[in-house]
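A quick write-up on the structure given underneath.
The values are calculated or read from the model by the stated rules, or taken from the named source; none is laboratory data. These figures come from a predicted structure and were not determined experimentally. Heads up, the Cβs are rebuilt from the backbone with ideal geometry, glycines too, and the neighbour counts pull from every protein chain shown. Each accessible area value is taken on the protein alone, full model and side chains, heavy atoms only, with ligands, DNA and RNA left out. Shrake-Rupley method; radii C 1.70, N 1.55, O 1.52, S 1.80 Å.
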Amino acid sequence: MSSVERDAAPTSKDSSTLLTALLLLCFMLSVGVALEPMIPYSASSSHHDRTLKSSSRGDSPNISDTRTHRPSVSADSPSSLRNAGSETLILPTSSRVFSGDRENGLVYGRRNPNSPSIDYGESHPFEIMERRRHQRRRHLREWHDGFHDYWYDKSFNVNNFLNKSWYDADDDYDPTTMYDIDVNAAEAQDKFDLKHFRPIRIKVDTRFLDQSSSQEKKDEFFEYHVLPAAVQFWTKALMVYPAKRLFVSDNDCGLGNPSHRANGINDADLMLYVSANRYCDSSNTGGTLASAYSCDWDQYDRPIGGEIDFCYDEFFLDANGNADSNIKRIMIEVAIHEIGHVLGVDSGDMAFYYDRATGLPRTPHPLNKSDDAECVNGIMLSQMNSNDFRPSPSTLKYSGIYPGIKFYEVVTPTVQRIAQNHFNCSSMSGMRLENQPSAGSCFGDHWEERTAWDSSMSGISSSLLHIPEHISPFTLALLEDSGWYRANYKMSKGFTFGRGAGCDFLEKPCIVDGMVPDYAAPYFCNNTKKEDADVRCDPTHHMMATCDLYDLSKEENVRSYPPVPQVYRYFPNPAFGPKHNKADYCPIYSETIMGCHSEYNSKTFPEESFNNTSRCYNSNYRPFCFETSCSKEDNAIIVKVGDKFEKCEYDFQKIRAPFAGESIYFECPRKAAICPELVCPSSCSGKGTCDWKNETPTCVCDGGVTSEDCLVFDKTFSRYGTATGDHLDADLQNVPGNSSSPPRINSEVGVTLLFIFVSYLALFKSIS
Ligand SMILES: [Zn+2]
């Protein structure tokens, strides 16, 4: 605007023409602003004149190959009980680093310029936004030219100029398609998305599952039980702008199918090529569970093809080729986790995220390899064997808490908001990534274990706890902030770690001088004893557990535990530390004694229950498992103790448990930990603020939204039969309040029990 004014600075004109000119200026600016309420002038990018038609990719002629690829796949190792330092990362055998990238170091986008653009029809939101920018640039140019003519030619006729229909010159542009200019831009955008976005359609190609392994039963189990459930989960959780036809390149996806490139794929938004045992640790000691990466992308860098490899030796089936529901859950959870990486939960994707509000990359393009960054391990990005680019500081920020503990933090708007709502900490700037990542990752590819312990997208699979609905709201928020998806936050309601815990929980040490401060009490522990008396509920109240804290110098395999780094020393004895160190060496009640939802546990007291809806309650005797439901009417946790129902009406309420002894009482947990739906459901879906000061914290939704969880996309998800957080299978159901039929007991209990015991032992050894 200022340059326009300077160019137009009059020298000597009569006042009436000057007035006309000023009126014209005002008129044009007001029209421009009204048409484009969200686009600041500066956004008309000169450095990045990206038009959205594929042919225009030629505007980066120096780029021989604009693709980039992560050379290090997200390999997910069951790291918990594994020996520290023995982490094995298996890289794909084929080098996926494209020389063109390295030579010039500039990347405009990930799609191979030789691949055809994905057909989205006429109204992909990013394309509409680009047209609007284009139109605005032309308006300004015409205005400038017209003004120039007026001053220097005098032949300029204002009426002719105004009559010129410059505002509808773009025939295919209809401003009402996208924004009703009278309403708030964000609301208008929601309306557009509601109209056009659809639940994501994921197709799975399992040809390489069959070819790569002789284990047919596992092939079948993955193909017919695990993958469909994981795909169903994401279809219920995410929407995309649907592709008319998907073309996935078999050059870019090594396991691809030539016909997927040539003829395309119908009714799909993402194609997954699944294999087994390709990138696994052959000696079967490092325990990689699976690995995944995206291999092809649309013209907006959204992943449209991905490869997932499962390590069969880490998964156990019985002789009939079946798995107990808990084992099945773990397998599904691993598949959900891997698909999550393909969808974009990966720091290698973050530089390619788009801003939903502008339709422009969040990190200005071209990405520049020389834009270096310090990795969490202290090495520079340029020195890592990595093809990642540094995301913009408005996406990923280098941060720290108390001295010495550094990490990268996702600071995109929805992630930040959801995190503030979840933890009850309004000063929180974002969500931390794991700062002890697997080798090869610069920024971290998972949520930090200390703040997202039971999240499905944290780096460690916590076995029994890891049920699909433990995908965290941060994960969904991150995927929304990629610009490619809209999320159904009802699918994240099971995640409760740290809910309502406050800023101190995040910002202060988990243990101070060997003691557990109040803010850390329900989550962290300082107890090295493993006897009955020291069994407590885990932080999610799904199981009874002991504290993961040891004098590591006395452990048999002491060499597996290197000294606790100085910044993570919380105990006077420097040898004190947990075996699972990714939660910044904070000890957690995480060593399972028994799960409350395991049907195989024997009851000591008939008043206890062990089923899908049971939760763990601490007491002054030992923890109990009781059937639990959540009552909105009573605003309380309803606890079934034998035939009686007790009400937990406030956090940490004490309730007598006379069946176990006259002076025995059990303690109610935080309501938010067991009944997330009673306290700011879905952390207000990124569209509202949780008012934690309220006696019953409730969501204050952004204008125009009235639902209790502020979710605006319910209707689309329900219209397409993927509604509202319903669970996947009866045997995956794990939220109290949905009274389900009792779990099926396998008729071969003896055998099954033995099998499960052995399996659990193995899984806890390798996953936990
Ligand atoms: Zn992972």
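Y585 meets all of the listed conditions (1) closer than 21 Å to A520 by Cβ; (2) surrounded by fewer than 17 Cβ atoms within 10 Å (Cβ to Cβ) but one, namely (2).
Quick check, is T546 over 24 Å from P437 (Cβ atoms), at pLDDT below 90 and not in a loop (DSSP other than H, G, I, E, B)? First the steps, then the outcome.
Details: over 24 Å from P437 (Cβ atoms): yes; at pLDDT below 90: no; not in a loop (DSSP other than H, G, I, E, B): yes.
Considered against the rule, which asks whether it is over 24 Å from P437 (Cβ atoms), at pLDDT below 90 and not in a loop (DSSP other than H, G, I, E, B), T546 comes out as no.
Filter the range 469-512 for residues that are more than 20 Å from S427 (Cβ to Cβ) and touching a Lys or Arg at 6+ places or on another chain (Cβ under 7 Å) and give the result. Scanning the range 469-512 gives E469, E480, G483, W484, N488, M491.
Screening F624 with (1) open to solvent by 20 Å² or more (accessible area, probe 1.4 Å); (2) more than 25 Å from C680 (Cβ to Cβ) gives one miss only, at (1). Take the conditions (1) in contact with a strand residue (DSSP E or B) (Cβ under 6 Å, 6 or more places away or on another chain); (2) over 19 Å from K582 (Cβ atoms); (3) modelled with pLDDT under 95; G483 misses just one of them, which is (3). Inside the range 362-418, residues that are aromatic (F, W, Y), buried (at least 16 other Cβ atoms within 10 Å of the Cβ) and assigned to a strand (DSSP E or B) make up a count of 2.
Among the listed residues D643, D634, which satisfies the condition of being farther than 18 Å from K671 by Cβ, open to solvent by 50 Å² or more (accessible area, probe 1.4 Å) and more than 30 Å from the chain's Cα centre (by Cα)? Can you show your working first?
Values: D634 fails: farther than 18 Å from K671 by Cβ.
Unique residue meeting the criteria: D643.
Select from the range 434-451 the residues that are surrounded by fewer than 24 Cβ atoms within 10 Å (Cβ to Cβ) and of a type in the set (A, V, I, L, M, F, W, C) and list them in ascending order. Within the range 434-451, just A439 meets the criteria. For the range 192-293, the strands (runs of 3 or more DSSP E) that sit wholly inside it and include 2 or more residues that are surrounded by fewer than 21 Cβ atoms within 10 Å (Cβ to Cβ) and either among the aromatic types (F, W, Y) or assigned by TED's automatic domain parsing to the domain that holds G344 (or both) are 202-205.
Does the range 231-243 include one or more residues that are within 23 Å of the chain's Cα centre (by Cα) and more than 30 Å from G494 (Cβ to Cβ)? Step through it out loud before you land on a result.
Going residue by residue through the range 231-243, those that are within 23 Å of the chain's Cα centre (by Cα) are 231-243.
Keeping just the survivors that are more than 30 Å from G494 (Cβ to Cβ) gives 243.
Taking every residue of the range 231-243 in turn, at least one turns out to be within 23 Å of the chain's Cα centre (by Cα) and more than 30 Å from G494 (Cβ to Cβ).
With open to solvent by less than 20 Å² (accessible area, probe 1.4 Å) and modelled with pLDDT under 90 as the only criterion, which of P742, P676, P681 stands out? One residue alone meets the criteria, P676. The one condition from (1) out of contact with any Phe, Trp or Tyr (no Cβ under 9 Å at 6 or more places or on another chain); (2) without any contact (Cβ under 8 Å) to a residue 60 or more places away in the chain; (3) assigned to a helix (DSSP H, G or I) that F645 does not meet is (3).
Considering K530, K579, which residue is open to solvent by 20 Å² or more (accessible area, probe 1.4 Å) and over 20 Å from E449 (Cα atoms)? Outline the logic, then answer.
Values: K579 fails: over 20 Å from E449 (Cα atoms).
Criteria check complete, one pass: K530.
If you go through the range 552-576 and keep only what is closer than 30 Å to A673 by Cα and open to solvent by less than 30 Å² (accessible area, probe 1.4 Å), you end up with Y568, Y570, F571. If only residues of the range 299-357 that are away from the ligand (no atom under 16 Å from the Cβ) and in a strand (DSSP E or B) are counted, the one that is farthest from V248 (Cα to Cα) is D355. Every condition in (1) buried (at least 22 other Cβ atoms within 10 Å of the Cβ); (2) out of contact with any Leu (no Cβ under 6 Å at 6 or more places or on another chain); (3) at pLDDT 95 or above; (4) not β-branched (V, I, T) is met by R356 except one, and the failing one is (3). Quick one: count up the residues across the range 655-664 that are farther than 16 Å from C616 by Cβ and not in a loop (DSSP other than H, G, I, E, B). Qualifying residue count for the region: 3.
Is it true that D210 is on the phi < 0 side of the Ramachandran plot, modelled with pLDDT under 95 and touching a His at 6+ places or on another chain (Cβ under 7 Å)? So that I can check it myself, show each step before the final result.
Details: on the phi < 0 side of the Ramachandran plot: yes; modelled with pLDDT under 95: yes; touching a His at 6+ places or on another chain (Cβ under 7 Å): no.
Criteria not met by D210.
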